[in-house]
Amino acid sequence: MWSHAVHGFVTQHKWAKEVSAFINLDSVGVGGKETLVRVGPNRPWFLYYYQKVPRPRTLACVEELLQFGFVPLGADFNMMKDYGNTVGVEFTFFRNGYKFHTRFDDYASVPIESIQHVGDNLLTLVQGLADAQELKPLGQTVDKVIFYDFFELFVIHYTVAIASLIHIAVSSLSIIVALRNLHSFGLSKSIA
């Protein structure tokens, strides 16, 4: 399951030490829009550069599925992260998954729009990363990052610590509203 080529490069090639960051393109389908599914590890600054791409698309829920082994992706990403001691992003193509690894899985099946989409987005991302100060030396390490796009217009991201604060605030507000409604219901019932 693990990619032998990536492992060989990361552990034995003289250029491996020169890699500061990587972009992994994976697939469980043929075509569609490339979707950002993983960032890191623990480097939310990648998302600052990804926010500048023309058409961002993310699925943070896939990262959770990858961590628990429910989705068979990420072998190359994990190899670079674990053995290469570097950081990166992973994009995946999902469309037409029924063609994946069949006789219909060929270049002719990939729509030109998919190629244009990934080309436009990755060109912008690579240009941004080429000048990224965070790569020299590797930038901030923080908590795990949560990210998602808003109708493919822009990317929203924050750390798990911020997410916990949001969850506590929303939960507290929900409890207050529920108790207030119960109290109001009790008062109106006793008056009638």
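The values are calculated or read from the model by the stated rules, or taken from the named source; none is laboratory data. Bear in mind the structure is a predicted one, so any value in this text is a computation, not a measurement. Please note: Cβ atoms are built from the backbone with ideal geometry, for glycine as well, and neighbour counts cover all protein chains shown.
Does PHE77 meet the test of being surrounded by fewer than 16 Cβ atoms within 10 Å (Cβ to Cβ), out of contact with any His (no Cβ under 6 Å at 6 or more places or on another chain) and not acidic (Asp, Glu)?
Criteria not met by PHE77.
Among the residues of the stretch 41-55, what is the count of those that are farther than 15 Å from VAL126 by Cβ and at pLDDT 90 or above?
Total satisfying the criteria: 1.
Determine whether the stretch 71-90 contains at least one residue that is at pLDDT 80 or above, polar (S, T, N, Q) and part of a loop (DSSP other than H, G, I, E, B).
Within the stretch 71-90, one or more residues are at pLDDT 80 or above, polar (S, T, N, Q) and part of a loop (DSSP other than H, G, I, E, B).
Every residue in the stretch 99-120 that is part of a loop (DSSP other than H, G, I, E, B) and surrounded by 10 or more Cβ atoms within 10 Å (Cβ to Cβ), please.
Within the stretch 99-120, PHE100, HIS101, THR102, PHE104, ASP105, ASP106, VAL110, PRO111 meet the criteria.
Have a look at ALA5, ALA21 and point out the one that is loosely packed, with under 15 Cβ neighbours inside 10 Å and of a type in the set (A, V, I, L, M).
ALA5
Please work out if ARG95 is at pLDDT 80 or above, surrounded by 15 or more Cβ atoms within 10 Å (Cβ to Cβ), in contact with an Asp or Glu (Cβ under 6 Å, 6 or more places away or on another chain) and under 21 Å from GLU152 (Cα atoms).
For ARG95, the condition - at pLDDT 80 or above, surrounded by 15 or more Cβ atoms within 10 Å (Cβ to Cβ), in contact with an Asp or Glu (Cβ under 6 Å, 6 or more places away or on another chain) and under 21 Å from GLU152 (Cα atoms) - is not met.
How many of the residues making up the stretch 27-56 are charged (D, E, K, R) and either buried (at least 20 other Cβ atoms within 10 Å of the Cβ) or within 17 Å of ASN85 (Cβ to Cβ) (or both)?
Of the residues in that region, 3 qualify.
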